[in-house]
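Just below is one structure, and these are the notes that go with it.
The values are calculated or read from the model by the stated rules, or taken from the named source; none is laboratory data. Note that the structure is a prediction, hence the values are computed from the model and not measured. Note that each Cβ is placed from the backbone with ideal geometry, even for glycine, and that neighbours are counted across all protein chains shown.
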Ligand code: PA5
């Protein structure tokens, strides 16, 4: 389960928080029901809509085929077509399972050459995930990877090409014309909300993740948050708190964790909030803190720099790993660590950091029981819903991204598209 607590919220803010909570109950009710005006973007609100049993069974069958015939699987996708799957895979994939290699998320020749080098000597499949199949990064990577497949497998290469696209798109036609496996990119979900669909679940399944557990976590969170009233709804409370902080000049939210396993989840979260909320010259700027490492770099600014950051800690309750520091003959003056487990040392650092940072600004603490497939499902649905509600409070459309077009027009001009 997910819990939410707040540290360092000064008593004078409590009243204002209650006012925000009381004033926006309609925003919550509308999000719980799903607003008609966003009907082409709310396919994620019901977890089963794009991940019913039939879909999950097909994903599992394709994943099994890939696992049996390949050492590696190349996920070609960028942003919402990459981040959710990568969050889970990079955090909890077990050793000995199919290697997942990422492409379609860069235009760097160096990075792409390194990616191709990783494939040398390996049997592989590719999955091009693209909603409208106009995005430059996946489109260009798809080309070079088709060429690599053809060079290795000749005419049979097409059996190793999967594409996740929208029905009727050019990608769909390309699949029909060339005999590639086609699976649906949800027509009623934008990229960054597609974790629980073919987009996120197929790469996870290939990596050996229990995708039924991911779906179960999301569905449990959906049931909770779509029914809980304003008083008990933790996503609503989180959205209201963010709004309160924003009003008082804390315009940057730092999602921090002491578990490096969340590194790619941080990319997913950053995209979700930046692309959904940052518009109409409004919005909290999302950044992330990978601790303890970054306490030695940005920690100085957080504690002593301009007071514009509030923090949301992502904490894990249970101990899942253990490593004890034993007594050592070398007099290194670290004997105070003798017999201590890194789990407890890390927790001590975490608690000290929350204490120190909350002297300056409010800190949310979001805690999950453990890092596993089920809790990733919970986190995806929790933050997606909280983001929807938060955008409702600030009055922006959570599902469009007009700002990302400006550079593309100029880039496509320069490339002669
Ligand atoms: O959330 C979004 O809409 C975006 O981040 C897209 O997922 C991203 O731009 C990739 O788009 P596409 O799948 O069309 O290539």
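Residues in region 46-57 that are part of a loop (DSSP other than H, G, I, E, B) and away from the ligand (no atom under 16 Å from the Cβ) were compared, and the one that is surrounded by the most Cβ atoms within 10 Å (Cβ to Cβ) is 51. Residue 37 satisfies every condition listed in (1) surrounded by 14 or more Cβ atoms within 10 Å (Cβ to Cβ); (2) more than 24 Å from the chain's Cα centre (by Cα); (3) under 30 Å from residue 198 (Cα atoms) except (1). Applying the set (1) within 15 Å of the ligand (Cβ to nearest atom); (2) without any contact (Cβ under 8 Å) to a residue 60 or more places away in the chain; (3) surrounded by 19 or more Cβ atoms within 10 Å (Cβ to Cβ) to residue 183 leaves exactly one unmet item: (2). Pairs are defined by a Cβ separation below 6 Å, a sequence spacing of at least 6 or placement on different chains, a first member in region 64-84 that is over 19 Å from residue 139 (Cβ atoms), and a second member that is within 15 Å of the ligand (Cβ to nearest atom); the pairs so defined are 84/195; 84/200; 84/268.
Is it fair to say residue 310 is within 16 Å of the ligand (Cβ to nearest atom), surrounded by 13 or more Cβ atoms within 10 Å (Cβ to Cβ) and closer than 22 Å to residue 250 by Cβ? Please lay out each step first, then the result.
Working: within 16 Å of the ligand (Cβ to nearest atom): no; surrounded by 13 or more Cβ atoms within 10 Å (Cβ to Cβ): yes; closer than 22 Å to residue 250 by Cβ: yes.
The answer is no for residue 310.
Among the residues of region 142-154, just one is within 16 Å of the ligand (Cβ to nearest atom) and either exposed (fewer than 14 other Cβ atoms within 10 Å of the Cβ) or not assigned by TED's automatic domain parsing to the domain that holds residue 66 (or both), namely 143. The number of residues in region 368-417 being more than 27 Å from residue 34 (Cα to Cα) and either away from the ligand (no atom under 16 Å from the Cβ) or crowded, with 22+ Cβ neighbours inside 10 Å (or both) comes to 9. Residues in region 105-138 that are in contact with a strand residue (DSSP E or B) (Cβ under 7 Å, 6 or more places away or on another chain) and within 16 Å of residue 157 (Cβ to Cβ): 119, 122, 124, 125, 126, 127, 128.
crowded, with 22+ Cβ neighbours inside 10 Å and in the same structural domain as residue 318 (by TED's automatic domain parsing): which single residue out of 27, 88 fits that description? Exactly one of 27, 88 is crowded, with 22+ Cβ neighbours inside 10 Å and in the same structural domain as residue 318 (by TED's automatic domain parsing), namely 27. Checked against (1) outside the structural domain of residue 8 (by TED's automatic domain parsing); (2) touching a strand residue (DSSP E or B) at 6+ places or on another chain (Cβ under 6 Å), residue 238 passes all but condition (1). The requirement of being within 27 Å of residue 381 (Cβ to Cβ) and at pLDDT 95 or above is fulfilled somewhere in region 320-333, by at least one residue.
Would you point out which residue out of 312, 353 is in a strand (DSSP E or B), under 24 Å from residue 3 (Cα atoms) and modelled with pLDDT of 95 or more?
Values: 353 fails: in a strand (DSSP E or B).
That would be 312, the only listed residue that is in a strand (DSSP E or B), under 24 Å from residue 3 (Cα atoms) and modelled with pLDDT of 95 or more.
If you go through region 155-171 and pick out every residue that is within 16 Å of the ligand (Cβ to nearest atom) and in contact with a strand residue (DSSP E or B) (Cβ under 9 Å, 6 or more places away or on another chain), you end up with 7.
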